[in-house]
Amino acid sequence: MYREIQMQKILNNNYLLGVFFFIICVYIWMVCLTLIYPYSTENTQIVLILWIPLQLFYIMVVWSMIRCIISDPGKVPIYWGVLLDDQEQKKRRYCLICHIFKPERCHHCSTCQRCVLNMDHHCPWIGNCVGYQNRKFFILFLLYINLSVLFSIAIASLRVYPIIMDLIFIDWKLLIENKIVIPTLLLEIIIIVFGGVISNFFVFHLDLVSTNKTTIDTLEVRRNGNPTQTPLNVYDIGIKENWLQVMGTNPWLWPFPMFGESGRPKGDGVKWERNQNQLTMTEQNVTHRTQTNQNQRSEMTQPQQRV
(Lines give C-alpha, C1' and ligand atoms only; values in the text may rest on other atoms or scores of the structure.)
Protein backbone atom coordinates (compact mmCIF):
# COMPACT_ATOMS: atom_id res chain seq x y z
CA MET A 1 0.00 0.00 0.00
CA TYR A 2 2.75 2.43 0.96
CA ARG A 3 4.70 1.66 -2.23
CA GLU A 4 1.61 2.30 -4.37
CA ILE A 5 1.14 5.68 -2.73
CA GLN A 6 4.81 6.50 -3.26
CA MET A 7 4.61 5.59 -6.96
CA GLN A 8 1.76 8.07 -7.34
CA LYS A 9 3.83 10.74 -5.60
CA ILE A 10 6.77 10.10 -7.93
CA LEU A 11 4.79 11.10 -11.00
CA ASN A 12 3.80 14.38 -9.32
CA ASN A 13 7.20 15.23 -7.82
CA ASN A 14 9.19 17.58 -10.03
CA TYR A 15 12.25 17.39 -7.74
CA LEU A 16 12.35 13.61 -7.99
CA LEU A 17 11.85 13.58 -11.75
CA GLY A 18 14.61 16.17 -12.00
CA VAL A 19 17.03 13.91 -10.11
CA PHE A 20 16.28 10.99 -12.43
CA PHE A 21 16.69 13.25 -15.46
CA PHE A 22 20.01 14.60 -14.16
CA ILE A 23 21.41 11.11 -13.48
CA ILE A 24 20.37 9.84 -16.91
CA CYS A 25 21.72 12.91 -18.72
CA VAL A 26 25.10 12.77 -16.96
CA TYR A 27 25.38 9.05 -17.67
CA ILE A 28 24.62 9.50 -21.39
CA TRP A 29 26.95 12.51 -21.50
CA MET A 30 29.74 10.46 -19.93
CA VAL A 31 29.24 7.56 -22.34
CA CYS A 32 29.24 9.78 -25.42
CA LEU A 33 32.20 12.00 -24.54
CA THR A 34 34.47 9.42 -22.90
CA LEU A 35 33.68 6.23 -24.82
CA ILE A 36 31.87 6.81 -28.11
CA TYR A 37 33.14 10.22 -29.28
CA PRO A 38 36.25 11.04 -27.22
CA TYR A 39 38.44 13.96 -28.19
CA SER A 40 41.50 11.72 -28.10
CA THR A 41 42.09 7.97 -27.87
CA GLU A 42 44.91 8.57 -25.41
CA ASN A 43 44.53 6.69 -22.09
CA THR A 44 41.63 4.66 -23.51
CA GLN A 45 42.63 1.48 -21.70
CA ILE A 46 42.67 3.24 -18.33
CA VAL A 47 39.30 4.82 -19.10
CA LEU A 48 37.79 1.42 -19.94
CA ILE A 49 39.12 -0.05 -16.70
CA LEU A 50 37.69 2.81 -14.64
CA TRP A 51 34.33 2.40 -16.34
CA ILE A 52 33.88 -1.09 -14.83
CA PRO A 53 33.50 0.05 -11.18
CA LEU A 54 31.68 3.19 -12.35
CA GLN A 55 28.98 1.04 -13.94
CA LEU A 56 28.57 -0.85 -10.67
CA PHE A 57 28.32 2.39 -8.71
CA TYR A 58 25.66 3.72 -11.10
CA ILE A 59 23.62 0.56 -10.53
CA MET A 60 23.98 0.92 -6.76
CA VAL A 61 22.95 4.59 -6.95
CA VAL A 62 19.73 3.70 -8.74
CA TRP A 63 19.06 0.74 -6.46
CA SER A 64 19.64 2.77 -3.30
CA MET A 65 17.55 5.66 -4.57
CA ILE A 66 14.62 3.39 -5.41
CA ARG A 67 14.76 1.87 -1.92
CA CYS A 68 14.81 5.37 -0.41
CA ILE A 69 11.72 6.30 -2.40
CA ILE A 70 9.52 3.23 -1.89
CA SER A 71 10.53 2.25 1.66
CA ASP A 72 8.46 3.24 4.66
CA PRO A 73 10.71 5.49 6.81
CA GLY A 74 9.21 4.19 10.04
CA LYS A 75 5.64 3.84 11.24
CA VAL A 76 4.59 4.26 14.86
CA PRO A 77 3.28 0.91 16.16
CA ILE A 78 -0.48 0.70 16.59
CA TYR A 79 -1.69 1.46 20.12
CA TRP A 80 1.79 2.45 21.20
CA GLY A 81 1.70 4.83 24.16
CA VAL A 82 -1.66 3.70 25.50
CA LEU A 83 0.08 2.06 28.46
CA LEU A 84 2.18 5.14 29.31
CA ASP A 85 1.84 6.03 32.99
CA ASP A 86 3.16 9.59 32.95
CA GLN A 87 0.24 11.84 32.00
CA GLU A 88 2.55 14.78 31.31
CA GLN A 89 4.59 12.64 28.94
CA LYS A 90 1.41 11.69 27.11
CA LYS A 91 0.42 15.32 26.68
CA ARG A 92 3.88 16.35 25.58
CA ARG A 93 4.28 13.60 23.00
CA TYR A 94 0.75 13.41 21.62
CA CYS A 95 0.34 14.32 17.94
CA LEU A 96 -2.84 16.33 17.43
CA ILE A 97 -2.76 15.68 13.67
CA CYS A 98 -2.17 11.91 13.58
CA HIS A 99 -3.94 11.38 16.94
CA ILE A 100 -1.24 9.05 18.22
CA PHE A 101 1.36 9.12 20.98
CA LYS A 102 4.83 9.80 19.62
CA PRO A 103 7.82 7.83 20.91
CA GLU A 104 11.04 9.68 21.65
CA ARG A 105 12.88 10.93 18.56
CA CYS A 106 9.64 10.64 16.57
CA HIS A 107 8.43 13.71 14.68
CA HIS A 108 5.51 14.68 12.51
CA CYS A 109 6.25 15.46 8.85
CA SER A 110 3.98 18.18 7.50
CA THR A 111 4.76 17.14 3.92
CA CYS A 112 4.00 13.43 4.30
CA GLN A 113 1.22 14.17 6.81
CA ARG A 114 2.36 11.44 9.20
CA CYS A 115 4.64 10.75 12.16
CA VAL A 116 8.01 9.14 11.41
CA LEU A 117 10.19 7.13 13.79
CA ASN A 118 13.61 8.71 14.35
CA MET A 119 12.91 11.21 11.59
CA ASP A 120 16.06 12.78 10.14
CA HIS A 121 14.48 15.07 7.57
CA HIS A 122 12.09 15.14 4.65
CA CYS A 123 14.06 14.96 1.41
CA PRO A 124 12.27 16.46 -1.62
CA TRP A 125 14.84 14.89 -3.95
CA ILE A 126 13.56 11.41 -3.09
CA GLY A 127 9.99 12.45 -2.30
CA ASN A 128 10.09 10.71 1.06
CA CYS A 129 11.14 11.12 4.66
CA VAL A 130 14.42 9.74 5.93
CA GLY A 131 13.73 7.82 9.11
CA TYR A 132 14.48 4.76 11.15
CA GLN A 133 13.71 2.15 8.49
CA ASN A 134 15.24 3.77 5.39
CA ARG A 135 18.12 5.86 6.74
CA LYS A 136 20.57 3.14 5.72
CA PHE A 137 19.36 3.39 2.12
CA PHE A 138 19.83 7.16 2.17
CA ILE A 139 23.40 6.85 3.49
CA LEU A 140 24.20 4.28 0.77
CA PHE A 141 22.60 6.57 -1.81
CA LEU A 142 24.98 9.36 -0.82
CA LEU A 143 27.93 6.97 -0.63
CA TYR A 144 27.52 5.59 -4.14
CA ILE A 145 26.83 9.04 -5.57
CA ASN A 146 30.15 10.22 -4.16
CA LEU A 147 31.98 7.17 -5.50
CA SER A 148 30.36 7.68 -8.90
CA VAL A 149 31.39 11.33 -8.90
CA LEU A 150 34.95 10.41 -7.90
CA PHE A 151 35.38 7.91 -10.75
CA SER A 152 33.58 10.22 -13.19
CA ILE A 153 36.04 13.01 -12.37
CA ALA A 154 38.95 10.63 -12.93
CA ILE A 155 37.60 9.46 -16.30
CA ALA A 156 36.66 12.95 -17.47
CA SER A 157 40.07 14.27 -16.42
CA LEU A 158 41.79 11.68 -18.61
CA ARG A 159 39.78 13.02 -21.56
CA VAL A 160 40.24 16.68 -20.62
CA TYR A 161 44.01 16.46 -20.20
CA PRO A 162 44.77 16.10 -23.98
CA ILE A 163 42.40 18.99 -24.67
CA ILE A 164 44.21 21.28 -22.23
CA MET A 165 47.59 20.32 -23.66
CA ASP A 166 46.44 21.02 -27.22
CA LEU A 167 44.88 24.34 -26.26
CA ILE A 168 48.09 25.46 -24.56
CA PHE A 169 50.74 24.15 -26.96
CA ILE A 170 48.94 23.90 -30.31
CA ASP A 171 46.01 26.25 -30.96
CA TRP A 172 43.33 27.74 -28.70
CA LYS A 173 41.00 27.89 -31.72
CA LEU A 174 40.22 24.24 -31.08
CA LEU A 175 37.52 25.50 -28.73
CA ILE A 176 35.60 26.67 -31.78
CA GLU A 177 36.68 24.22 -34.44
CA ASN A 178 36.22 20.95 -32.52
CA LYS A 179 32.65 20.42 -31.30
CA ILE A 180 33.77 17.90 -28.65
CA VAL A 181 36.00 20.30 -26.71
CA ILE A 182 33.45 22.57 -25.01
CA PRO A 183 31.01 19.77 -24.00
CA THR A 184 33.89 17.76 -22.51
CA LEU A 185 35.20 20.72 -20.50
CA LEU A 186 31.68 21.58 -19.39
CA LEU A 187 31.09 18.00 -18.26
CA GLU A 188 34.21 18.09 -16.11
CA ILE A 189 33.19 21.39 -14.49
CA ILE A 190 29.64 20.20 -13.72
CA ILE A 191 30.86 16.97 -12.14
CA ILE A 192 33.44 18.76 -9.98
CA VAL A 193 30.95 21.36 -8.73
CA PHE A 194 28.32 18.73 -8.02
CA GLY A 195 30.90 16.55 -6.29
CA GLY A 196 31.95 19.40 -4.01
CA VAL A 197 28.38 19.99 -2.88
CA ILE A 198 27.34 16.37 -2.42
CA SER A 199 30.58 15.40 -0.64
CA ASN A 200 30.02 18.03 2.06
CA PHE A 201 26.46 16.78 2.50
CA PHE A 202 27.73 13.20 2.79
CA VAL A 203 30.35 14.11 5.41
CA PHE A 204 27.65 15.90 7.41
CA HIS A 205 25.47 12.77 7.49
CA LEU A 206 28.42 10.53 8.34
CA ASP A 207 28.99 12.68 11.41
CA LEU A 208 25.31 12.45 12.34
CA VAL A 209 25.33 8.65 12.17
CA SER A 210 28.63 8.37 14.07
CA THR A 211 27.28 10.51 16.92
CA ASN A 212 23.72 9.09 16.80
CA LYS A 213 22.07 12.36 15.87
CA THR A 214 19.61 13.46 13.21
CA THR A 215 19.29 16.64 11.21
CA ILE A 216 16.32 17.61 13.39
CA ASP A 217 18.40 17.07 16.54
CA THR A 218 21.07 19.39 15.17
CA LEU A 219 18.55 22.09 14.28
CA GLU A 220 16.91 21.88 17.70
CA VAL A 221 20.29 22.25 19.44
CA ARG A 222 21.11 25.30 17.33
CA ARG A 223 17.73 26.83 18.05
CA ASN A 224 17.55 26.12 21.79
CA GLY A 225 21.13 25.58 22.91
CA ASN A 226 24.19 27.73 23.39
CA PRO A 227 26.21 27.69 20.12
CA THR A 228 29.44 28.31 22.06
CA GLN A 229 29.12 25.06 24.02
CA THR A 230 29.35 21.47 22.80
CA PRO A 231 25.86 19.97 23.28
CA LEU A 232 25.50 16.67 25.13
CA ASN A 233 23.89 13.76 23.31
CA VAL A 234 22.38 11.07 25.52
CA TYR A 235 21.84 8.76 22.51
CA ASP A 236 25.53 8.59 21.61
CA ILE A 237 26.47 5.08 22.81
CA GLY A 238 29.66 4.65 20.78
CA ILE A 239 30.46 4.68 17.07
CA LYS A 240 29.98 0.92 16.59
CA GLU A 241 26.61 0.78 18.33
CA ASN A 242 25.48 3.97 16.61
CA TRP A 243 26.19 2.49 13.18
CA LEU A 244 24.46 -0.78 14.08
CA GLN A 245 21.29 1.18 14.80
CA VAL A 246 21.35 2.63 11.28
CA MET A 247 23.07 0.12 9.00
CA GLY A 248 21.88 -3.08 10.68
CA THR A 249 23.39 -5.83 12.78
CA ASN A 250 24.97 -7.73 9.86
CA PRO A 251 28.03 -5.83 8.54
CA TRP A 252 28.15 -8.09 5.44
CA LEU A 253 24.89 -6.49 4.28
CA TRP A 254 25.98 -2.91 4.89
CA PRO A 255 27.06 -2.26 1.25
CA PHE A 256 23.65 -3.30 -0.09
CA PRO A 257 20.36 -1.37 0.18
CA MET A 258 18.62 -4.24 1.94
CA PHE A 259 18.36 -5.64 5.45
CA GLY A 260 17.31 -9.26 5.39
CA GLU A 261 16.38 -11.17 8.50
CA SER A 262 19.91 -11.01 9.94
CA GLY A 263 20.67 -7.38 9.17
CA ARG A 264 17.87 -5.27 10.56
CA PRO A 265 18.74 -2.09 12.49
CA LYS A 266 19.50 -2.67 16.14
CA GLY A 267 16.53 -1.75 18.31
CA ASP A 268 12.93 -1.08 17.39
CA GLY A 269 12.93 2.67 16.66
CA VAL A 270 10.67 3.28 19.66
CA LYS A 271 12.86 2.79 22.71
CA TRP A 272 16.44 4.05 22.56
CA GLU A 273 19.44 3.04 24.61
CA ARG A 274 20.99 5.97 26.40
CA ASN A 275 24.51 6.90 27.42
CA GLN A 276 24.28 7.06 31.22
CA ASN A 277 27.30 9.36 31.55
CA GLN A 278 25.84 11.84 29.09
CA LEU A 279 22.41 11.51 30.72
CA THR A 280 23.84 12.30 34.17
CA MET A 281 25.71 15.33 32.83
CA THR A 282 22.57 16.53 31.03
CA GLU A 283 20.50 16.25 34.21
CA GLN A 284 23.18 18.15 36.13
CA ASN A 285 23.17 20.91 33.52
CA VAL A 286 19.39 21.16 33.66
CA THR A 287 19.48 21.35 37.46
CA HIS A 288 22.19 24.01 37.39
CA ARG A 289 20.28 26.02 34.77
CA THR A 290 17.09 25.81 36.83
CA GLN A 291 18.87 27.01 39.97
CA THR A 292 20.49 29.86 38.03
CA ASN A 293 17.12 30.99 36.68
CA GLN A 294 15.60 30.89 40.16
CA ASN A 295 18.45 32.96 41.60
CA GLN A 296 18.06 35.53 38.83
CA ARG A 297 14.34 35.80 39.47
CA SER A 298 14.87 36.21 43.21
CA GLU A 299 17.41 38.98 42.60
CA MET A 300 14.95 40.76 40.34
CA THR A 301 12.15 40.60 42.94
CA GLN A 302 14.23 41.77 45.90
CA PRO A 303 14.35 45.49 44.96
CA GLN A 304 10.60 45.48 44.41
CA GLN A 305 10.02 44.06 47.92
CA ARG A 306 12.17 46.76 49.50
CA VAL A 307 10.17 49.49 47.82
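The values are calculated or read from the model by the stated rules, or taken from the named source; none is laboratory data. Everything quoted here is computed from the prediction, not taken from an experiment. As a convention, Cβ positions derive from the backbone with ideal geometry for all residues, glycine included, and neighbour counts pool all protein chains shown. We work out accessible area using only protein heavy atoms, side chains counted, and drop any ligands, DNA or RNA first. Shrake-Rupley method; radii C 1.70, N 1.55, O 1.52, S 1.80 Å.
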Cα-based Rg/(2.2 N^0.38 Å) for segment 60-184, rounded to two decimals, is 1.79
Mind jotting down the distance between the C-alpha centroids of segment 10-59 and segment 98-149, whole Å? 28
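Go through Lys102/Lys271; Lys102/Lys240; Lys75/Lys136; Lys75/Lys266 and tell me which ones have a Cα-Cα distance over 18 Å in this structure.
The answer is Lys102/Lys240.
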What translational diffusion coefficient, in µm²/s and rounded to a whole number, does the Stokes-Einstein relation yield for segment 119-259 at 10 °C and a viscosity of 1.306 mPa s, taking the hydrodynamic radius as the Kirkwood radius over Cα pairs? 87
Each label sits 7 Å from Cα toward the beta-carbon; between Glu220 and Glu42 the label points are separated, in nm, by 5.7
Mind checking the full-extension length gain between Ser199 and Tyr15? Use 0.36 nm per residue of separation minus the Cα-Cα distance, one decimal, nm. 64.3 nm
Go ahead and run the numbers for FRET between Asn250 and Leu96, Cβ-Cβ distance against an R0 of 35 Å, rounding to 0.05. 0.35
Sticking with the crude label model, points 7 Å out along Cα→Cβ, report the distance from Glu177 to Ile23 in nm, one decimal please. 4.1
Length gained when the stretch Leu167-Ile189 is fully extended (0.36 nm per residue, less Cα-Cα span): 6.2 nm
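Order Leu158, Leu17, most accessible first, counting only protein heavy atoms with a 1.4 angstrom probe.
Order by accessible area, largest first: Leu17, Leu158.
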For segment 117-161, the fraction of alpha-carbon pairs in successive 10 Å shells from zero, as %: 25, 36, 21, 14, 3
Order His99, His122, most accessible first, counting only protein heavy atoms with a 1.4 angstrom probe. His99, His122
